[in-house]
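As C-alpha coordinates, the structure follows; a few thoughts come after it.
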Amino acid sequence: MLAPPAALLPPVHDAINELSDLPRDLEPWPCATDPAARVVISACLDRARRHGGWRWPERPVVFVSDTHADADGFLRSLVAGGVIRRDAGGIALTRFGRQATIIIGGDCLDKGPSNLCMLDALGALRLSGADLRILAGNHDLRMRLAVDALCRPRAPLRDHLFLRMGRKILPALREIFDRYVTPADVAALPDEAACQARLLPLPGWAEDFEHAARGILPADVIAREIAKLSAKRAEFDAQMARTGLSARQLLAAVRTCQDAFFTPGGDYAWFFDSMDVVARSGSLLFVHAGICDDMCALLDEGGAAAVNARYHAETRDASLAFYFGPVANLVRTKYRPSDLDLTDRGVDLLHRNGIHMVVQGHVNNHAGQRLLAKRGLLHLEADVTLDRASRRMEGLEGIGAGATLILPSGDVIGLSRDYPRAKHFAPDRIG
(Lines give C-alpha, C1' and ligand atoms only; values in the text may rest on other atoms or scores of the structure.)
Protein backbone atom coordinates (compact mmCIF):
# COMPACT_ATOMS: atom_id res chain seq x y z
CA MET A 1 0.00 0.00 0.00
CA LEU A 2 1.29 3.43 -0.89
CA ALA A 3 2.06 5.90 1.88
CA PRO A 4 -1.17 7.82 2.57
CA PRO A 5 -1.44 11.57 1.98
CA ALA A 6 -1.03 13.83 5.00
CA ALA A 7 -4.01 15.83 3.65
CA LEU A 8 -6.23 13.33 5.47
CA LEU A 9 -5.35 15.06 8.74
CA PRO A 10 -7.56 18.00 9.75
CA PRO A 11 -5.85 21.32 10.53
CA VAL A 12 -4.60 21.70 14.10
CA HIS A 13 -5.21 25.09 15.71
CA ASP A 14 -2.37 25.20 18.23
CA ALA A 15 -2.09 28.91 19.00
CA ILE A 16 0.02 28.40 22.11
CA ASN A 17 2.37 25.85 20.54
CA GLU A 18 1.73 23.11 23.09
CA LEU A 19 1.69 20.35 20.47
CA SER A 20 4.90 21.03 18.60
CA ASP A 21 5.80 17.31 18.82
CA LEU A 22 2.47 16.10 17.43
CA PRO A 23 3.12 13.99 14.31
CA ARG A 24 1.89 15.28 10.95
CA ASP A 25 3.41 12.66 8.66
CA LEU A 26 1.42 9.49 8.07
CA GLU A 27 2.62 5.91 7.75
CA PRO A 28 0.72 2.69 7.05
CA TRP A 29 -0.42 1.26 10.37
CA PRO A 30 2.08 -1.14 11.91
CA CYS A 31 -0.63 -3.76 12.28
CA ALA A 32 1.56 -6.31 13.99
CA THR A 33 5.09 -6.89 15.10
CA ASP A 34 5.35 -10.44 13.81
CA PRO A 35 4.11 -12.40 10.77
CA ALA A 36 1.82 -14.63 12.86
CA ALA A 37 -0.09 -11.64 14.20
CA ARG A 38 -0.43 -10.23 10.69
CA VAL A 39 -2.01 -13.49 9.61
CA VAL A 40 -4.62 -13.20 12.37
CA ILE A 41 -5.46 -9.60 11.43
CA SER A 42 -5.74 -10.57 7.75
CA ALA A 43 -8.17 -13.31 8.75
CA CYS A 44 -10.33 -10.70 10.53
CA LEU A 45 -10.34 -8.54 7.42
CA ASP A 46 -11.29 -11.52 5.24
CA ARG A 47 -14.18 -12.31 7.58
CA ALA A 48 -15.41 -8.71 7.34
CA ARG A 49 -15.39 -8.94 3.55
CA ARG A 50 -17.41 -12.16 3.65
CA HIS A 51 -20.03 -10.38 5.75
CA GLY A 52 -20.68 -7.47 3.42
CA GLY A 53 -17.56 -5.39 3.89
CA TRP A 54 -17.13 -2.11 5.73
CA ARG A 55 -19.61 0.70 6.28
CA TRP A 56 -18.12 4.00 7.42
CA PRO A 57 -19.57 6.85 9.48
CA GLU A 58 -21.41 9.59 7.64
CA ARG A 59 -19.59 12.15 9.80
CA PRO A 60 -15.97 12.04 10.98
CA VAL A 61 -15.62 10.43 14.40
CA VAL A 62 -12.96 11.59 16.88
CA PHE A 63 -12.42 9.15 19.77
CA VAL A 64 -10.62 10.23 22.95
CA SER A 65 -10.49 7.92 25.96
CA ASP A 66 -9.13 7.54 29.48
CA THR A 67 -8.51 11.18 30.29
CA HIS A 68 -8.36 10.27 34.00
CA ALA A 69 -9.01 13.68 35.54
CA ASP A 70 -6.42 15.50 33.42
CA ALA A 71 -8.15 18.42 31.72
CA ASP A 72 -4.96 19.53 29.97
CA GLY A 73 -4.43 16.12 28.40
CA PHE A 74 -8.07 16.08 27.35
CA LEU A 75 -8.05 19.55 25.78
CA ARG A 76 -4.72 18.95 24.04
CA SER A 77 -6.18 15.78 22.59
CA LEU A 78 -9.16 17.67 21.21
CA VAL A 79 -6.76 20.18 19.65
CA ALA A 80 -4.68 17.30 18.26
CA GLY A 81 -7.83 15.82 16.71
CA GLY A 82 -8.55 19.15 15.02
CA VAL A 83 -11.95 19.64 16.71
CA ILE A 84 -11.32 22.66 18.95
CA ARG A 85 -9.22 25.78 19.23
CA ARG A 86 -8.20 27.20 22.61
CA ASP A 87 -7.87 30.85 23.50
CA ALA A 88 -8.11 33.06 26.56
CA GLY A 89 -11.89 32.93 26.38
CA GLY A 90 -12.08 29.14 26.54
CA ILE A 91 -12.65 26.69 23.70
CA ALA A 92 -14.49 26.87 20.39
CA LEU A 93 -15.26 24.22 17.79
CA THR A 94 -13.29 24.38 14.56
CA ARG A 95 -14.93 23.85 11.20
CA PHE A 96 -13.88 20.20 11.38
CA GLY A 97 -15.16 20.01 14.96
CA ARG A 98 -18.61 21.17 13.84
CA GLN A 99 -18.65 18.37 11.26
CA ALA A 100 -17.44 15.62 13.60
CA THR A 101 -18.92 13.36 16.23
CA ILE A 102 -16.75 13.31 19.36
CA ILE A 103 -16.88 10.12 21.43
CA ILE A 104 -15.38 10.08 24.92
CA GLY A 105 -14.44 6.47 25.61
CA GLY A 106 -14.83 6.40 29.40
CA ASP A 107 -12.66 6.82 32.50
CA CYS A 108 -12.92 10.58 32.83
CA LEU A 109 -12.35 10.21 36.59
CA ASP A 110 -9.52 9.26 38.97
CA LYS A 111 -5.74 9.62 39.02
CA GLY A 112 -5.59 13.41 38.67
CA PRO A 113 -4.65 16.18 38.83
CA SER A 114 -8.30 17.34 39.11
CA ASN A 115 -11.55 15.48 38.55
CA LEU A 116 -13.69 18.61 38.70
CA CYS A 117 -11.47 20.54 36.29
CA MET A 118 -11.70 17.60 33.88
CA LEU A 119 -15.49 17.59 34.11
CA ASP A 120 -15.58 21.38 33.72
CA ALA A 121 -13.59 21.00 30.48
CA LEU A 122 -15.96 18.26 29.30
CA GLY A 123 -18.90 20.48 30.23
CA ALA A 124 -17.44 23.33 28.17
CA LEU A 125 -17.16 20.99 25.18
CA ARG A 126 -20.76 19.95 25.71
CA LEU A 127 -21.91 23.56 25.78
CA SER A 128 -19.91 24.41 22.64
CA GLY A 129 -22.53 22.64 20.52
CA ALA A 130 -20.37 19.60 19.79
CA ASP A 131 -22.02 16.36 18.67
CA LEU A 132 -20.80 14.59 21.80
CA ARG A 133 -21.18 11.04 23.11
CA ILE A 134 -19.92 10.08 26.56
CA LEU A 135 -19.34 6.41 27.35
CA ALA A 136 -18.98 4.80 30.77
CA GLY A 137 -15.64 3.52 32.03
CA ASN A 138 -14.86 1.32 35.00
CA HIS A 139 -13.45 4.24 36.99
CA ASP A 140 -16.61 6.26 36.36
CA LEU A 141 -18.74 3.31 37.43
CA ARG A 142 -16.78 3.04 40.68
CA MET A 143 -17.98 6.48 41.76
CA ARG A 144 -21.60 5.53 41.11
CA LEU A 145 -21.34 2.27 43.08
CA ALA A 146 -19.31 3.72 45.96
CA VAL A 147 -21.56 6.73 46.52
CA ASP A 148 -24.68 4.62 46.11
CA ALA A 149 -23.44 2.24 48.80
CA LEU A 150 -23.46 5.02 51.43
CA CYS A 151 -26.54 6.91 50.28
CA ARG A 152 -28.97 3.99 50.06
CA PRO A 153 -30.20 1.74 52.87
CA ARG A 154 -27.70 -0.86 53.98
CA ALA A 155 -27.86 -4.24 52.22
CA PRO A 156 -25.36 -7.12 52.34
CA LEU A 157 -24.66 -7.04 48.58
CA ARG A 158 -23.58 -3.39 48.66
CA ASP A 159 -22.59 -2.73 52.27
CA HIS A 160 -18.88 -3.21 51.53
CA LEU A 161 -18.84 -1.38 48.20
CA PHE A 162 -17.64 1.97 49.51
CA LEU A 163 -14.63 0.27 51.05
CA ARG A 164 -14.26 -1.92 47.95
CA MET A 165 -14.65 0.85 45.33
CA GLY A 166 -14.07 4.08 47.19
CA ARG A 167 -10.30 4.22 47.56
CA LYS A 168 -9.72 5.51 44.05
CA ILE A 169 -12.42 8.17 44.27
CA LEU A 170 -11.13 9.64 47.55
CA PRO A 171 -9.16 12.39 45.74
CA ALA A 172 -12.36 13.36 43.89
CA LEU A 173 -14.23 13.46 47.20
CA ARG A 174 -11.51 15.72 48.59
CA GLU A 175 -12.10 18.09 45.67
CA ILE A 176 -15.84 18.01 46.31
CA PHE A 177 -15.24 18.73 49.99
CA ASP A 178 -13.03 21.70 49.19
CA ARG A 179 -15.41 23.18 46.63
CA TYR A 180 -18.83 22.51 48.14
CA VAL A 181 -18.92 21.26 51.75
CA THR A 182 -19.66 23.82 54.47
CA PRO A 183 -19.00 23.55 58.22
CA ALA A 184 -22.76 23.26 58.69
CA ASP A 185 -22.80 20.17 56.43
CA VAL A 186 -20.24 18.49 58.67
CA ALA A 187 -21.90 19.60 61.90
CA ALA A 188 -25.20 18.05 60.79
CA LEU A 189 -23.65 14.56 60.85
CA PRO A 190 -23.23 12.22 63.84
CA ASP A 191 -19.94 12.07 65.73
CA GLU A 192 -16.68 10.76 64.29
CA ALA A 193 -17.12 7.21 65.59
CA ALA A 194 -20.60 6.88 64.09
CA CYS A 195 -19.43 8.24 60.72
CA GLN A 196 -16.46 5.88 60.72
CA ALA A 197 -18.83 2.97 61.35
CA ARG A 198 -21.03 4.07 58.42
CA LEU A 199 -18.08 3.95 56.04
CA LEU A 200 -17.48 0.28 56.89
CA PRO A 201 -19.57 -2.87 56.50
CA LEU A 202 -21.61 -3.93 59.51
CA PRO A 203 -20.19 -6.52 61.91
CA GLY A 204 -21.07 -9.95 60.59
CA TRP A 205 -21.10 -8.67 57.00
CA ALA A 206 -19.14 -11.63 55.61
CA GLU A 207 -21.75 -14.16 56.68
CA ASP A 208 -24.63 -11.97 55.53
CA PHE A 209 -22.94 -11.32 52.19
CA GLU A 210 -22.24 -15.00 51.60
CA HIS A 211 -25.88 -15.86 52.28
CA ALA A 212 -27.29 -13.02 50.13
CA ALA A 213 -24.90 -13.64 47.23
CA ARG A 214 -25.49 -17.40 47.06
CA GLY A 215 -27.18 -18.18 43.76
CA ILE A 216 -26.47 -14.68 42.42
CA LEU A 217 -22.67 -14.73 42.23
CA PRO A 218 -20.35 -17.66 41.55
CA ALA A 219 -18.88 -19.27 44.67
CA ASP A 220 -15.33 -18.25 43.73
CA VAL A 221 -16.39 -14.60 43.36
CA ILE A 222 -18.07 -14.67 46.78
CA ALA A 223 -14.98 -16.16 48.41
CA ARG A 224 -12.68 -13.67 46.67
CA GLU A 225 -14.77 -10.67 47.74
CA ILE A 226 -14.69 -11.73 51.36
CA ALA A 227 -10.99 -12.60 51.32
CA LYS A 228 -9.81 -9.35 49.76
CA LEU A 229 -11.71 -6.97 52.02
CA SER A 230 -9.03 -6.75 54.73
CA ALA A 231 -6.43 -5.74 52.12
CA LYS A 232 -8.88 -3.21 50.70
CA ARG A 233 -9.35 -1.79 54.20
CA ALA A 234 -5.61 -1.18 54.58
CA GLU A 235 -5.40 0.49 51.15
CA PHE A 236 -8.46 2.59 51.90
CA ASP A 237 -7.14 3.77 55.26
CA ALA A 238 -3.80 4.77 53.73
CA GLN A 239 -5.47 6.74 50.93
CA MET A 240 -7.90 8.38 53.36
CA ALA A 241 -4.97 9.54 55.49
CA ARG A 242 -3.42 11.11 52.38
CA THR A 243 -6.59 13.08 51.68
CA GLY A 244 -6.52 14.59 55.18
CA LEU A 245 -10.26 14.11 55.69
CA SER A 246 -11.86 12.84 58.87
CA ALA A 247 -14.67 10.28 58.66
CA ARG A 248 -17.26 13.03 59.25
CA GLN A 249 -15.77 15.21 56.53
CA LEU A 250 -15.59 12.29 54.12
CA LEU A 251 -19.20 11.30 54.72
CA ALA A 252 -20.22 14.93 54.18
CA ALA A 253 -18.34 14.89 50.87
CA VAL A 254 -20.07 11.66 49.81
CA ARG A 255 -23.50 13.13 50.50
CA THR A 256 -22.57 16.29 48.63
CA CYS A 257 -21.31 14.16 45.75
CA GLN A 258 -24.72 12.47 45.67
CA ASP A 259 -26.35 15.89 45.33
CA ALA A 260 -23.90 17.16 42.70
CA PHE A 261 -23.74 14.04 40.49
CA PHE A 262 -26.86 11.97 41.04
CA THR A 263 -29.64 14.40 41.99
CA PRO A 264 -31.59 16.18 39.22
CA GLY A 265 -30.30 19.71 38.88
CA GLY A 266 -26.93 18.93 40.46
CA ASP A 267 -23.92 20.70 38.97
CA TYR A 268 -22.60 17.50 37.40
CA ALA A 269 -25.82 15.49 37.03
CA TRP A 270 -25.45 15.82 33.26
CA PHE A 271 -22.32 13.64 33.36
CA PHE A 272 -23.95 10.38 34.38
CA ASP A 273 -27.34 11.29 32.89
CA SER A 274 -25.86 11.61 29.40
CA MET A 275 -23.58 8.58 29.72
CA ASP A 276 -24.13 5.51 27.54
CA VAL A 277 -22.10 2.32 27.51
CA VAL A 278 -21.75 1.68 23.75
CA ALA A 279 -21.94 3.68 20.54
CA ARG A 280 -22.08 2.38 17.01
CA SER A 281 -21.10 4.13 13.81
CA GLY A 282 -21.01 2.12 10.61
CA SER A 283 -19.01 -1.06 11.10
CA LEU A 284 -17.41 0.19 14.32
CA LEU A 285 -18.51 -0.42 17.90
CA PHE A 286 -17.17 2.03 20.49
CA VAL A 287 -16.93 0.80 24.07
CA HIS A 288 -14.62 1.32 27.02
CA ALA A 289 -13.22 -2.17 27.44
CA GLY A 290 -14.68 -4.93 25.25
CA ILE A 291 -17.64 -7.21 24.76
CA CYS A 292 -18.97 -10.67 25.59
CA ASP A 293 -21.34 -13.10 23.90
CA ASP A 294 -24.37 -11.92 25.90
CA MET A 295 -23.94 -8.33 24.74
CA CYS A 296 -23.33 -9.49 21.16
CA ALA A 297 -26.71 -11.23 21.36
CA LEU A 298 -28.39 -8.11 22.74
CA LEU A 299 -26.85 -6.01 19.97
CA ASP A 300 -28.22 -8.55 17.51
CA GLU A 301 -31.70 -8.29 19.03
CA GLY A 302 -32.02 -4.55 19.55
CA GLY A 303 -28.87 -2.74 18.49
CA ALA A 304 -26.87 -0.25 20.55
CA ALA A 305 -30.07 1.36 21.84
CA ALA A 306 -31.06 -1.88 23.60
CA VAL A 307 -27.63 -2.21 25.24
CA ASN A 308 -27.70 1.38 26.45
CA ALA A 309 -31.27 1.03 27.74
CA ARG A 310 -30.24 -2.01 29.76
CA TYR A 311 -27.22 -0.13 31.12
CA HIS A 312 -29.37 2.77 32.31
CA ALA A 313 -31.94 0.42 33.86
CA GLU A 314 -29.37 -1.66 35.73
CA THR A 315 -27.31 1.26 37.05
CA ARG A 316 -30.38 2.70 38.79
CA ASP A 317 -30.11 -0.06 41.40
CA ALA A 318 -26.58 -1.31 40.87
CA SER A 319 -25.12 -4.00 43.12
CA LEU A 320 -22.18 -6.35 42.96
CA ALA A 321 -24.24 -8.70 40.80
CA PHE A 322 -24.44 -5.90 38.23
CA TYR A 323 -20.71 -5.20 38.54
CA PHE A 324 -19.85 -8.79 37.63
CA GLY A 325 -22.59 -9.10 35.01
CA PRO A 326 -22.53 -8.72 31.22
CA VAL A 327 -23.36 -4.99 31.10
CA ALA A 328 -20.57 -3.91 33.45
CA ASN A 329 -18.28 -6.37 31.67
CA LEU A 330 -18.38 -3.85 28.79
CA VAL A 331 -16.35 -1.45 30.95
CA ARG A 332 -14.24 -4.00 32.87
CA THR A 333 -13.14 -6.84 30.61
CA LYS A 334 -9.60 -7.53 29.55
CA TYR A 335 -10.64 -10.94 28.18
CA ARG A 336 -9.19 -12.64 31.24
CA PRO A 337 -10.42 -16.08 32.35
CA SER A 338 -12.39 -14.32 35.11
CA ASP A 339 -14.18 -12.06 32.61
CA LEU A 340 -17.28 -13.03 30.65
CA ASP A 341 -16.26 -14.72 27.44
CA LEU A 342 -16.30 -13.58 23.84
CA THR A 343 -16.39 -16.64 21.61
CA ASP A 344 -16.71 -17.24 17.89
CA ARG A 345 -20.49 -17.34 18.35
CA GLY A 346 -20.51 -13.74 19.55
CA VAL A 347 -18.00 -12.59 16.94
CA ASP A 348 -20.14 -14.14 14.20
CA LEU A 349 -23.22 -12.29 15.50
CA LEU A 350 -21.31 -9.01 15.31
CA HIS A 351 -20.10 -9.65 11.78
CA ARG A 352 -23.58 -10.68 10.62
CA ASN A 353 -24.78 -7.32 11.94
CA GLY A 354 -22.01 -5.48 10.09
CA ILE A 355 -19.80 -4.77 13.14
CA HIS A 356 -16.20 -5.58 12.20
CA MET A 357 -14.09 -3.72 14.76
CA VAL A 358 -14.25 -2.61 18.40
CA VAL A 359 -12.69 0.76 19.23
CA GLN A 360 -11.86 0.84 22.94
CA GLY A 361 -9.93 2.46 25.77
CA HIS A 362 -9.06 0.74 29.07
CA VAL A 363 -5.71 -0.76 27.98
CA ASN A 364 -3.13 2.00 27.90
CA ASN A 365 -0.22 2.01 25.48
CA HIS A 366 3.05 3.95 25.41
CA ALA A 367 3.53 4.22 21.64
CA GLY A 368 0.17 5.38 20.42
CA GLN A 369 -2.84 3.34 19.42
CA ARG A 370 -2.60 -0.39 18.80
CA LEU A 371 -4.50 -2.57 16.34
CA LEU A 372 -4.81 -6.26 17.12
CA ALA A 373 -7.14 -9.24 17.06
CA LYS A 374 -8.79 -10.35 20.28
CA ARG A 375 -10.89 -13.51 20.21
CA GLY A 376 -10.81 -13.33 16.41
CA LEU A 377 -12.24 -9.78 16.29
CA LEU A 378 -10.34 -6.62 15.38
CA HIS A 379 -9.85 -4.25 18.31
CA LEU A 380 -8.29 -0.81 18.17
CA GLU A 381 -6.85 0.11 21.59
CA ALA A 382 -7.04 3.90 21.77
CA ASP A 383 -5.93 4.69 25.34
CA VAL A 384 -2.66 6.53 24.67
CA THR A 385 -1.84 7.38 28.32
CA LEU A 386 -3.04 10.97 28.45
CA ASP A 387 -3.00 11.75 32.16
CA ARG A 388 0.20 12.95 33.72
CA ALA A 389 -0.17 10.80 36.86
CA SER A 390 0.00 7.61 34.79
CA ARG A 391 2.73 9.07 32.63
CA ARG A 392 4.94 9.86 35.61
CA MET A 393 4.41 6.41 37.08
CA GLU A 394 5.13 4.69 33.75
CA GLY A 395 8.16 6.73 32.69
CA LEU A 396 6.55 8.99 30.07
CA GLU A 397 7.32 12.70 30.02
CA GLY A 398 4.95 15.64 30.12
CA ILE A 399 1.23 15.73 29.37
CA GLY A 400 -0.21 13.28 26.88
CA ALA A 401 -2.14 14.12 23.73
CA GLY A 402 -3.74 11.89 21.16
CA ALA A 403 -6.93 11.09 19.29
CA THR A 404 -8.26 8.41 16.97
CA LEU A 405 -9.98 9.66 13.82
CA ILE A 406 -12.38 7.58 11.73
CA LEU A 407 -13.26 9.30 8.47
CA PRO A 408 -16.21 8.72 6.08
CA SER A 409 -13.62 7.87 3.42
CA GLY A 410 -12.75 4.65 5.28
CA ASP A 411 -9.51 5.98 6.74
CA VAL A 412 -8.61 5.33 10.40
CA ILE A 413 -5.85 7.54 11.85
CA GLY A 414 -4.12 7.17 15.19
CA LEU A 415 -2.47 10.33 16.55
CA SER A 416 -0.28 10.36 19.65
CA ARG A 417 2.55 12.59 20.82
CA ASP A 418 4.31 9.37 21.92
CA TYR A 419 4.67 7.97 18.38
CA PRO A 420 6.66 9.80 15.70
CA ARG A 421 4.14 9.42 12.88
CA ALA A 422 0.38 9.27 12.51
CA LYS A 423 -0.75 5.67 11.98
CA HIS A 424 -3.06 5.08 9.02
CA PHE A 425 -5.34 2.08 8.46
CA ALA A 426 -7.67 1.72 5.47
CA PRO A 427 -9.10 -1.83 5.49
CA ASP A 428 -11.05 -1.34 2.26
CA ARG A 429 -7.75 -0.75 0.46
CA ILE A 430 -5.78 -3.66 1.92
CA GLY A 431 -5.47 -6.50 -0.54
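The values are calculated or read from the model by the stated rules, or taken from the named source; none is laboratory data. Bear in mind that the values here come from a model prediction, so they are computed numbers and not experimental data. Quick reminder, even Gly has a Cβ in these numbers, built from the backbone with ideal geometry, and neighbours come from all protein chains shown.
If I ask for residues that are under 12 Å from Asp140 (Cα atoms) and at pLDDT below 95, which ones from the stretch 85-121 would you list?
Hits for the stretch 85-121 are Asp110, Lys111.
Within the stretch 28-48, does at least one residue satisfy the condition of being part of a loop (DSSP other than H, G, I, E, B) and farther than 24 Å from Glu381 by Cβ?
Within the stretch 28-48 (the criterion being part of a loop (DSSP other than H, G, I, E, B) and farther than 24 Å from Glu381 by Cβ), the answer is no, since none of the residues qualifies.
Which of the strands (runs of 3 or more DSSP E) found entirely inside the stretch 68-107 contain at least 1 residues meeting this: more than 16 Å from the chain's Cα centre (by Cα) and surrounded by fewer than 19 Cβ atoms within 10 Å (Cβ to Cβ)?
84-87, 90-93
Any residue in the stretch 243-261 that's in the same structural domain as Leu173 (by TED's automatic domain parsing): show its pairings with residues that are acidic (Asp, Glu) at Cβ separation under 7 Å, as long as the two are six or more apart or on different chains.
Hits for this filter: Ser246/Glu192; Ala247/Glu192; Arg248/Glu192; Ala252/Asp185; Thr256/Asp185; Ala260/Asp267.
Does Leu157 meet the test of being assigned to a helix (DSSP H, G or I) and either on the phi < 0 side of the Ramachandran plot or among the acidic types (Asp, Glu) (or both)?
It is false that Leu157 is assigned to a helix (DSSP H, G or I) and either on the phi < 0 side of the Ramachandran plot or among the acidic types (Asp, Glu) (or both).
Any idea which of (1) of a type outside the set (A, V, I, L, M, F, W, C); (2) surrounded by 20 or more Cβ atoms within 10 Å (Cβ to Cβ); (3) farther than 20 Å from Phe177 by Cα is the one Asp131 doesn't satisfy?
Going through the list (1) of a type outside the set (A, V, I, L, M, F, W, C); (2) surrounded by 20 or more Cβ atoms within 10 Å (Cβ to Cβ); (3) farther than 20 Å from Phe177 by Cα, Asp131 breaks only (2).
Please find, within the stretch 147-165, the residue that is surrounded by the most Cβ atoms within 10 Å (Cβ to Cβ) out of those that are within 16 Å of Phe261 (Cα to Cα) and touching a Lys or Arg at 6+ places or on another chain (Cβ under 8 Å).
Ala149
For the stretch 300-312, what are the residues that are of a type in the set (A, V, I, L, M), surrounded by fewer than 22 Cβ atoms within 10 Å (Cβ to Cβ) and in contact with a helix residue (DSSP H, G or I) (Cβ under 9 Å, 6 or more places away or on another chain)?
Ala306, Ala309
For the stretch 330-339, which positions are surrounded by fewer than 22 Cβ atoms within 10 Å (Cβ to Cβ) and of a type outside the set (Asp, Glu)?
Arg332, Lys334, Tyr335, Arg336, Pro337, Ser338, listed by residue number.
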